[in-house]
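This report concerns only the one structure given below.
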Amino acid sequence: MTDLSNIRNFCIIAHIDHGKSTLADRLIEHTGAVEKRDITKQMLDQMDLEQERGITIKLQAVKMKYIGVDGKEYLLNLIDTPGHVDFTYEVSRSLAACEGALLVVDASQGIEAQTLANVYLALENNLEIIPVINKIDLPSAEPEKVKQEIEDIIGLDTSNVVLTSAKTGAGTSEILEAIVKYVPEPVGDYEAPLKALIFDSNFDAYKGALSYVRIIDGIVKKGMKIKMFATGKEFEVTEVGIFEPLHRIVDTLKAGEVGYIAASIKKVADTRVGDTITSALNPCKEPLEGYKKAVPMVYCGLYPIDNDKYNELKDALEKLQLNDASLLFDPETSSALGFGFRCGFLGLLHMEIVQERLEREYGLSLITTAPSVVFIVHKTDGTTMKIDSPALLPDIRTVEYLEEPIVKASIMVPNDYVGSVMDLCQDKRGVFINMEYITPKRVVLSYKLPLGEIIYDFFDQLKSRTKGYASLDYELAGHEKSSLVKLDILLAGEIIDALSCIVHKDKAYYRGRALVSKLRQLIPRQLFEVPIQAAIGSKVIARETVKAMRKDVLEKCYGGDISRKRKLLEKQKEGKKRMKQVGRIEVPQEAFMAVLSLDDE
Amino acid sequence: MMNNEVGIYIHIPFCLKKCNYCDFVSFSSYEFEENYFKKLLKEIDIRNSNTKKIKTIYFGGGTPSSVKTKNIRNTILQLKEKFDLSNLEEMTIEVNPGICNNDNIQEYYDMGFNRLSIGVQTFDEVMLKKLGRIHNKEDIYNTINMARIVGFKNISIDLMYGLPDDSLKRLQSDMELAMNLDLQHISTYGLIIEPNTKFEKDFKNGLLKLPSEEILLEMRELINEKVNYYGFNHYEIANYAKSSYESKHNLIYWNNNDYYGFGVNSTTKVNGIRFTNEPNLNNYINSYKFEKYNLEVLTDEIVIEEGIFLGLRKIAGIDLECFLNRYNIDIKQKYKKVIDELLEIKAIRLNDKTLKLTNFGIEISNYCMSKFLS
């Protein structure tokens, strides 16, 4: 074994808004990894989108030098983790790359479900956890109470807890010292065959797909032949480097260290998160445990508003996929929307992010159809098929029954809201599993819920019914048989395939009526009347009409009005650009997502 | 379509009382009147130009007839000094019934005004109250009579329809009364609930019962029929005139020509730029500078597109040859797709000489015009 006593690899576990990024910035600043003037707000969240949404999507890492009170120089590698349930697997892999974790809890908010889920992940990976209570400068801070909560809920010893305010910088040096003191040094062997854990990947236009790795054993350097365990593919290393947090080329990466490997890898799918990199000539015997291929949970159709932009959309998706191995897409045709793609995502947030990046970074105007889960169709002839789109549901006469994906959800909620959360879960066809008081005031509710219900407005409902105090974590728990029907929407008598959805039989009538009413509000008046109908099979269950536009005129238009008038007309025109021509009818983008925003009563 | 005609608009922002539907910049604080005109004269002085012959002058408001005639006269004297008025053809002042006495009207005539625009809105006493107007039916007749006696031969009135609790019957009666007055010009406006007005508040509170779209369309039809019968030409979406009495000033706007706007919140478009003055009365009066708001440099594209949508406002439509000569654009060719589409739904009519909206096209004119924007 090699002496790695001056290295510490750690990550930060925190709920959104509990101050993870600000804290990371403090550590970076304190250790001088980045000149103070170069610190853009929240160094680790590099994508615009991440900074805007305050969440980490793409992992980052940074290496810091720290002189401990013992006078020794330490190398601290901070590996960032994404903070959203869609990316649980990615979190587990970055945890696996560390020996310790800072558990950051907001001094006034306490522990949230997502935090708890990640703490359990960290404990599974044998990480040493250092509790950090943040935002102690807030008037509402109750560090003692939160400390008690950490002991009660997680069962962690809080004698080593660090009180901090990332905002004011208080407690920063204590954290660094605690890392050195409590996080175990890595165990590894320089002499052993190369064994490196890929905890993330990133596509660089010049260097190809970069593998972000924690070296467990051995050494990697330029010119070496490496092999990916999962795919068996081999590459020649062109560069290795570390994160400061900007990339800096180094000669070697050795056991215990964190860095990146460039090897002219064409796509990130060839450097999969969780996979093990080894030497092609002298491979290790076993890969590291825990590799899973990311499986999309949510699918939707993406179509260019302008049909001529199909190839641009394809190029953009291909480019995004270079950097996002969990994004899947296949060509799809819709009679209403023309040519587009069926895309698979890890979750709703992932879907929104991809959609937003396509629009923002690639300037595409898109129609996104309502998200769907993967149903298993059991046919009367005994065969089964998986469908990720309502349009693929075969003739109902050939269908014996359907299965839908189920998740096991844990909802952490203050006890005052237990009733309303249970009502919500009931509404969403949930099956109660368990209720546990983790403190006298906080409850964890466990439910089995159809994933299809979660991807509707579950998050929003949960938030609004608990004033934002509830937090949710879930994991896939197989498929179950369910009474599902296909709900079709007809505009001017034509079924619009992109608006079809598969819903539970008991909810079909309500959904149909609500959807039709919502569409009537969303579809602007056309020059002719547009009837909107909802139907199950051939049976129409709801109908409304968008009246024909007969008057759209501005009578006063004098000198001072012209500029305003022009803007009004431009807005009108711009609105048209956001519409998809479906037959003769102009349908706005939102209409295709309308089913997501129905007010469930 | 000449492009060397220039108009001047003077904004008089004072009203005795704001009407319930009005969102124009107006103030009832007459203690600022003297300072306002001081600043107005200064603005005219600073922005003087002798290079263009002025064709029309228009005093609008607010209620121009509510300020001292001395101030109106001084403004005109200032304009005479600072601009070339040798070709002036039309000079209009907006007058509100009941807010101008006989002497005022005589003075306006003597100052050189040759057109009056009277804010009648309706002859219905109940409706006048609802609108928050401070005049009554009698005032309307008095004002018009006096104008005639003084010698005005070009009188226009504004009428409103689509009012709270409005009916075709009420409009019919208004139209009859208006037509019997032997006017030269009439403008009709459907009520719009503008933000930050009393009507908006009432509307939100469910206190206003407004006619349906079907009724509004019938109302416009009724107006068209009546004015036609009495010899008016429908020459712009909301304007009707006896032959040769079209508003020359407003045609400057619709012909995409240049105009100066003086006074608070007035808009100027000259030499390819457009801007609006300070909208706040206090700032307008007290600031040392004359700030330009919403300053736009009018690109060829903007000029052409505005040429089209303003041109389409005129019932006669766009003269294709003039358009080609002025903008170097063959509309038929450049907008073929849009034109075909609008022809198909019978919203426009096209022949060798002109492109114009049909009656149906007028009712959905925003829809049609927006199609011509890039």
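The values are calculated or read from the model by the stated rules, or taken from the named source; none is laboratory data. Everything quoted here is computed from the prediction, not taken from an experiment. Cβ placement follows ideal geometry from the backbone for every residue including glycine, while neighbour counts extend to all protein chains displayed. Each accessible area value is taken on the protein alone, full model and side chains, heavy atoms only, with ligands, DNA and RNA left out. Shrake-Rupley method; radii C 1.70, N 1.55, O 1.52, S 1.80 Å.
Once you order the gyration tensor axes a ≥ b ≥ c over the Cα atoms, which shape class does the range A:137-296 get: rounded for a/c under 1.5, otherwise prolate or oblate by comparing a/b with b/c?
Taking the square roots of the gyration eigenvalues as a ≥ b ≥ c, the range A:137-296 is prolate.
How much accessible area per residue does the range B:6-253 have, counting only protein heavy atoms and a probe of 1.4 Å, in square angstrom?
41 Å²
Quote the total accessible area buried by chains B and A together, excluding ligands, DNA and RNA, probe 1.4 Å, nearest 100 Å².
Counting protein atoms only, the buried area is about 3200 Å².
For B:LYS332 and A:LYS222, what does the FRET efficiency come to when R0 = 60 Å and r is the distance between their Cβ atoms, rounded to the nearest 0.05?
That pair, B:LYS332 with A:LYS222, gives E of 0.35.
Please give the charge dipole size of chain A, origin at the Cα centre, charges +1 on K and R Cβ atoms and -1 on D and E Cβ atoms. Round to the nearest 20 debye.
2160 debye
Let me check against my output: what whole-number percent is the relative contact order of chain B, with C-alpha pairs under 8 Å and at least 6 apart?
Taking the mean separation of contacting Cα pairs over the length of chain B, I get 16 percent.
Over the protein assembly as shown, what percent of the accessible surface lies on carbon and sulfur atoms, probe 1.4 Å?
Result for the protein assembly as shown: 49 percent of the exposed heavy-atom area is carbon or sulfur.
Starting from the range A:317-370, pick out the GluC sites (Glu not before Pro) whose DSSP state is loop and whose Cβ has at most 11 other Cβ atoms within 10 Å.
Listed in order of number, the matching sites amount to none.
Quick one: angle between helix A:505-522 and the longest Cα principal axis of chain A, in degrees between 0 and 90, rounded to 10, please.
Between helix and principal axis, roughly 80 degrees.
I'd like to check one number: the per residue accessible area of chain A, probe 1.4 Å, reported in Å² as a whole number.
That works out to 42 Å² per residue.
Given a 1.4 angstrom probe, what's the average accessible area per residue across the range B:318-374, in square angstrom?
Solvent-accessible surface per residue comes out at 53 Å².
How far apart, in nanometres, would the label points at B:SER28 and B:GLU176 be if each is projected 7 angstrom from Cα along the Cα-to-Cβ direction?
Distance between label points: 3.5 nm.
About its Cα centre, how strong a charge dipole does the range B:318-374 have in debye, to the nearest 20, once Lys and Arg get +1 and Asp and Glu get -1 at the Cβ?
60 debye
Name the trypsin sites (Lys or Arg not before Pro) in the range B:232-297 that are in a loop by DSSP and that have at most 11 other C-beta atoms within 10 Å, would you?
Sparse-neighbourhood loop trypsin sites (Lys or Arg not before Pro): B:LYS289.
For A:TYR510 paired with A:ASP416, estimate the spin-label separation in nm (one decimal), with each label point 7 Å from Cα along the Cα-to-Cβ line.
Those two pseudo-labels are separated by 2.7 nm.
B:GLU213: accessible area at probe 1.4 Å, nearest 10 Å²?
Approximately 40 Å² for this residue.
Residues of the range B:313-329 with the amide nitrogen closer than 16 Å to a label point 7 Å from the Cα of B:SER374, along Cα-to-Cβ, please.
Inside the label zone: B:327-329.
What FRET efficiency would be calculated for the residue pair A:ILE495, A:GLN589, taking the C-beta separation as r and a Förster radius of 30 Å, to the nearest 0.05?
0.95
Rounded if a/c is under 1.5, else prolate if a/b beats b/c, else oblate: with a ≥ b ≥ c from the C-alpha gyration tensor eigenvalues square-rooted, which is the range A:125-179?
oblate
Could you tell me which residue out of A:LEU210, A:GLY100, A:THR545 lies farthest along the dipole of chain A toward its positive end? Charges go on the beta carbon: Lys and Arg +1, Asp and Glu -1, centred on the Cα centre.
Result: A:THR545, furthest along the dipole toward the positive end.
Where in the range B:179-218 does the label zone of B:VAL126 land, with the point 7 angstrom along Cα→C-beta and an amide N cut-off under 14 Å?
Only B:209 pass the distance filter.
Given bins 5 angstrom wide, list per bin the percent of all Cα-Cα distances in the range B:6-253, short to long.
Percent of Cα pairs in each bin: 1, 6, 13, 17, 18, 17, 13, 8, 5, 2, 0.
As I understand it, the dipole of the protein assembly as shown uses +1 on the Cβ of Lys and Arg and -1 on the Cβ of Asp and Glu, about the Cα centre. Which of B:ALA147, A:VAL119, B:THR268 lies farthest toward its positive end?
Of the listed residues, the answer is B:ALA147.
Given a 1.4 Å probe, show me the residues in the range B:329-372 buried by at least 30 Å² of accessible surface when comparing the whole protein assembly to the chain alone.
Those are B:GLU363, B:ILE364, B:ASN366, B:TYR367, B:SER370, B:LYS371, which lose 30 Å² or more relative to the chain on its own.
For the range B:252-288, which residues drop by 20 square angstrom or more in accessible area between the chain on its own and all protein chains together (1.4 Å probe)?
SASA drop of 20 Å² or more in the range B:252-288: B:TYR253, B:TRP254, B:TYR259, B:THR267, B:ARG274.
Residues with beta-carbon under 13 Å from that of B:ASN4, excluding B:ASN4: net charge, scoring Lys, Arg +1 and Asp, Glu -1?
Spelling it out: positives minus negatives among the neighbours equals +1.
Over all residues in B:302-315, what is the mean tally of Cβ atoms on other chains that come within 10 Å of each residue's Cβ?
Per residue, the number of nearby Cβ atoms from other chains is 2 on average.
Calculate I(q)/I(0) for the protein assembly as shown by the Debye formula, one identical point scatterer on each C-alpha and no solvent, and give its log10 at q = 0.05, 0.10 Å⁻¹ to two decimals.
-0.47, -1.13
In degrees, nearest 10, range 0 to 90: what is the angle between the Cα axis of helix A:348-362 and the longest Cα principal axis of chain A?
Rounded to the nearest ten degrees, it is 80.
Got the relative contact order for the range B:43-143 handy, in percent, Cα pairs under 8 Å and 6 or more residues apart?
The normalised contact order for the range B:43-143 reaches 29 percent.
Of all beta bridges DSSP finds with both residues in the protein assembly as shown, what is the antiparallel percent, to the nearest 5?
Counting only bridges with both partners in the protein assembly as shown, antiparallel ones make up about 70 percent.
Listed highest first by mean packing, meaning other Cβ atoms within 10 Å per residue, what order do A:514-521, B:15-22 come in?
A:514-521, B:15-22
Among B:SER66, B:ASN35, A:ALA255, which residue has its Cα positioned farthest towards the positive end of the charge dipole of the protein assembly as shown, with +1 placed on the Cβ of Lys and Arg, -1 on the Cβ of Asp and Glu, and the dipole taken about the Cα centre?
B:SER66
Can you give the FRET efficiency to the nearest 0.05 for B:TYR229 and B:ASN114, using r as the Cβ-Cβ distance and R₀ = 25 Å?
0.40
For the range B:6-253, with only Lys/Arg (+1) and Asp/Glu (-1) charged at the beta-carbon, what is the dipole magnitude about the Cα centre, in debye rounded to 20?
680 debye
Are there any trypsin sites (Lys or Arg not before Pro) in the range A:245-277 that are in a DSSP loop and have at most 15 other Cβ atoms within 10 Å? List them by number.
A:LYS266, A:LYS267
Using only helices, what value at 222 nm comes out for chain A when you add -39,500 (n - 2.57) per DSSP H run of length 4 or more and divide by the total residues, to the nearest 500 deg cm²/dmol?
Rounded to the nearest 500, the figure is -7000 deg cm²/dmol.
Among B:TYR260, B:TYR189, B:TYR161, which one moves the most in a GNM of chain B with springs linking Cα atoms closer than 10 Å?
B:TYR189
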